[in-house]
Amino acid sequence: MPFEYAPAPEATDHVRIAPRYDLFIGGRFVRAHSRRRFPTVNPATEEVLSEVAEADEADVDRAATAAAGAFPAWSALPASRRARYVFRLSRLIQERARELAVVETLDGGKPIKESRDVDVPLAAAHFFYYAGWADKLEWAFPNRRPRPLGVAGQVIPWNFPLLMLAWKVAPALAAGNTLVLKPAETTPLTAMLFADICQQAELPPGVVNIVTGGGQTGALVVGHPAVRKVAFTGSTEVGKLIQRQLAGTGKRLTLELGGKAANVVFDDAPLDQAVEGIVNGIYFNQGHVCCAGSRLLVQESIVGPLLEKLKQRLGTLRVGDPLDKNTDVGAINSPQQLEKIRGLVQSGVEEGAELYQPECRLPERGYWFPPTLFTNVAQSSRIAREEIFGPVLSVLTFRTPDEAVEKANNTPYGLSAGVWTEKGSRILWMSERMRAGVVWANTYNRFDPTSPFGGYKESGFGREGGLQGLLPYVELAR
Ligand code: NAP
Ligand code: MG
């Protein structure tokens, strides 16, 4: 019998969201040449929060020109001064953490406890970490002289809006580049607050430019001739489009794309701990996580007890108002994403997998999907192969470690993986063999700015985070 919790809503009265936001170009908010705007809604209530500008070709050109104009002075600044700016951005994110967390939750639907305890602190930590590199670049790559590239064009998705911004903006600035960033259509608001933070930090005009809009605006940013380096996080489909668009242009490119991670549980794993890790792996951020542990591989001898514990735990997850501090699973980011999840879940049922959903009351308005678990999943079925990007777990089994490796690697993706066992030797054995950029052992979805993150195969290439995360933003001269 789950506990009943009294409502514990996060206060929102300290937050002011403007009814309209313009583009952030050359250090100022400017009206879009296009004169077009689009609404961004709160997916938990379907209320319009604000209207943002839709940047067209002339707008993107203005932004890229501003970035190109700011580059010579920014890259020539003494490194310790550049470090100070990046450090200041980090401190301001910390100072405005509550406001950023509430806006992130309102605009994207994720539980406040996640935006407050994960997204915002990690975003600040990224700026803090790369501020530390800014004046030590000379020593970062022995016997090489790192030089900035120029203007970076950066396009990010809606699942971790501020955090993805930090992953892109912090290393670019620390290395001495200027940039044009396009946030996702459904979650532009924390990027608008970040523009305000850039003004507050007195960042030189044109160093950071933010243009809102849809996929078309993203394509314009990526394609602009002044852009020397493109950093994209999003779907594999759009990643491929961009790769085609950039072929032959000589632009540098890093792609952080989708995933379908295996979370492998051996029979010697501590089960209660594993259950927490499995839940964190797939229901964190409603499963809108590129590295989500969406394929659970369980050693056959423990399937029964593990599933029993897991189902029981699912029944205690609180789904609902993202602003409530007790909420574990918030709203689905958009009606389009909800449709996609529903479609794939339907295909799972049609292909013969067994569906389990705990009883839970979903709010009437907004976009919701209950935590879902599939057993009896065939390796060939869509729910075992395709990225669902929702709170849906597919459970498969294995008998031997070799079989676990084979099944874990049986995917076009290779972003992340998890392994649960009490044997250190087995952890090492597994992580050597699983083709994934990150392997978590006896934990899941842990992030740290010092640790590189990125994929193999269709999950993309290039690394973000750590010393490796600086590499895409520099040219190494002798
Ligand atoms: P998406 O559709 O690929 O969109 C990502 C971004 O690209 C958005 O800002 C989007 O604008 C823009 N865009 C769309 N078409 C474009 C084009 N032709 N040229 C340039 N930009 C374009 O992906 P999503 O649905 O927002 O995000 C979910 C995907 O991101 C998942 O597959 C997930 O695995 C992946 N992801 C990967 C990582 C990682 O680090 N590997 C991290 C987070 C998410 P609109 O918003 O207007 O569509
Ligand atoms: Mg929104």
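What follows is calculated from the coordinates using simple rules that are stated; it is not laboratory data. Bear in mind that the values here come from a model prediction, so they are computed numbers and not experimental data. Note that each Cβ is placed from the backbone with ideal geometry, even for glycine, and that neighbours are counted across all protein chains shown.
Using 0.36 nm times the number of residues separating D402 and R81, minus their current alpha carbon distance, what extension gain do you get?
Extra length from D402 to R81 when fully extended: 110.3 nm.
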With no solvent term and unit scatterers on the alpha-carbon positions of the chain, Debye gives log₁₀ I(q)/I(0) at q = 0.06, 0.07, 0.08, 0.11 Å⁻¹ of -0.26, -0.35, -0.46, -0.88
Charge dipole of the range 262-449 built from unit charges on the beta carbon (Lys, Arg +1; Asp, Glu -1), centred at mean Cα; most positive-end Cα among F284, S381, P358 is F284
Quote the relative contact order of the range 262-449 in percent (integer), defining contacts as alpha-carbon pairs under 8 Å separated by 6+ residues.
-> 30
Have a look at I210, Q94, V419 and report the one farthest towards the positive end of the charge dipole of the chain, computed about the Cα centre with Cβ charges (Lys/Arg +1, Asp/Glu -1).
-> I210
Any idea what angle helix 120-134 forms with the longest principal axis of the chain, computed on alpha-carbon atoms, 0 to 90 degrees, nearest 10?
-> 50
Loop-located GluC sites (Glu not before Pro) in the range 7-63 whose Cβ has at most 13 other Cβ within 10 Å (DSSP) = E46
What FRET efficiency do you get for Q273 and V303 if R0 is 25 Å and r is their Cβ-Cβ distance, rounded to the nearest 0.05?
-> 0.90
When only DSSP loop residues count, what GluC sites (Glu not before Pro) in the range 152-245 have their Cβ near at most 11 other Cβ atoms within 10 Å?
-> E202
From Cα coordinates alone, what are the radius of gyration and Dmax values for the range 363-478 in angstrom?
-> 17.2, 62
Loop sites in the range 279-387: GluC sites (Glu not before Pro), DSSP, at most 12 other Cβ within 10 Å | E359, E364
Gained length - Q216 relative to E202, 0.36 nm times residue gap less alpha-carbon distance | 2.0 nm
Computed helical MRE - 222 nm, the chain, DSSP H runs ≥ 4 contributing -39500 (n - 2.57), nearest 500 | -11500 deg cm²/dmol
For the chain, longest principal axis from Cα atoms; helix 161-174 axis from its Cα atoms; angle between them, nearest 10 degrees, is 50
Computed about the Cα centre, the charge dipole of the chain from +1 Lys/Arg and -1 Asp/Glu charges at the Cβ has a magnitude in debye, to the nearest 20, of 1880
Rel. contact order, % - alpha carbon contacts under 8 angstrom, at least six apart, the range 96-166 = 36
From the Cα gyration tensor of the range 298-397, with a ≥ b ≥ c the square roots of its eigenvalues, which class applies: rounded if a/c is under 1.5, or else prolate if a/b is larger than b/c, or else oblate?
-> oblate
For the chain, what is the relative contact order in percent, using Cα pairs closer than 8 Å and at least 6 residues apart in sequence?
-> 18
Name the residue farthest towards the positive end of the dipole of the range 262-449 from the options P371, V303, L271, assuming +1 on Cβ of Lys and Arg, -1 on Cβ of Asp and Glu, about the Cα centre.
-> P371
